[in-house]
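A quick write-up on the structure given underneath.
The values are calculated or read from the model by the stated rules, or taken from the named source; none is laboratory data. Just so you know, these numbers come straight off a predicted model, no measurement behind them. Ideal geometry is used to build each Cβ from the backbone, glycine not excepted, and the neighbour counts take in all protein chains shown.
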Amino acid sequence: MLSSVLPRLDTYMQQHPEKIELGEVFMWVSEWIDKIFVTEPLDEVSAIAVVSKHALYISPFVYDLRFHQRIDQPALSKFFNALDTLAEKWQSKEEVSKLAAGSMILVQEYFILYGDGYTGVQKREIMQAQDELAKKIEKCLRG
């Protein structure tokens, strides 16, 4: 169901960025997914769920990136924690989750695509987060 609703919601958000309640819907969906799929401490499956939801735009910090708002640091930290978990779990594996690997790359593309809309201090914060993301992805995929 979400696979058909989210693209339509996403399109509508692009056409009507002034509709703040749409962002609230995204945040609600993000929290709902966390409650259902994420366990603490993160295991591999939960970490994959966290990483994947960010690629689907169901994330406070991806939403912030897209609409050039200040990045939700707790959400970004949760994402980075999931990447650290995957790096640890995948250290000795020859094959890793294609879903998670693709999601990591997609989130990295979001930083590249939407990061240009920032200036000043926020631009530096985005660049730092982007650099940290690149290092964590490399650690996940190359060990």
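Does ASP84 satisfy the criteria of being in contact with a Pro (Cβ under 6 Å, 6 or more places away or on another chain) and either farther than 21 Å from GLU18 by Cα or surrounded by 11 or more Cβ atoms within 10 Å (Cβ to Cβ) (or both)?
no
Which of the residues spanning the range 115-133 are surrounded by 13 or more Cβ atoms within 10 Å (Cβ to Cβ) and over 13 Å from the mean Cα position of the chain (by Cα)?
GLY115, GLY117, TYR118, GLN122, LYS123, GLU125, ILE126, MET127, GLU132
Filtering the range 83-99 down to residues that are at pLDDT below 95 and among the hydrophobic types (A, V, I, L, M, F, W, C), which residue is farthest from SER52 (Cα to Cα)?
Across the range 83-99, the extreme among qualifying residues is VAL96.
Among (1) farther than 18 Å from SER46 by Cβ; (2) under 17 Å from the mean Cα position of the chain (by Cα); (3) of a type outside the set (Ser, Thr, Tyr), where does LYS98 come up short?
The one condition LYS98 does not meet is (1).
With respect to VAL62, determine if the residue is modelled with pLDDT of 90 or more, within 17 Å of the chain's Cα centre (by Cα) and under 20 Å from LEU113 (Cβ atoms).
Answer is no for this residue.
Report every pair of residues separated by at least 6 positions or lying on different chains whose Cβ atoms are under 8 Å apart, first residue within the range 130-143 and free of Cβ contacts under 8 Å to residues at least 24 places away in the same chain, second loosely packed, with under 13 Cβ neighbours inside 10 Å.
Final answer for the pair search is GLN130/ILE112.
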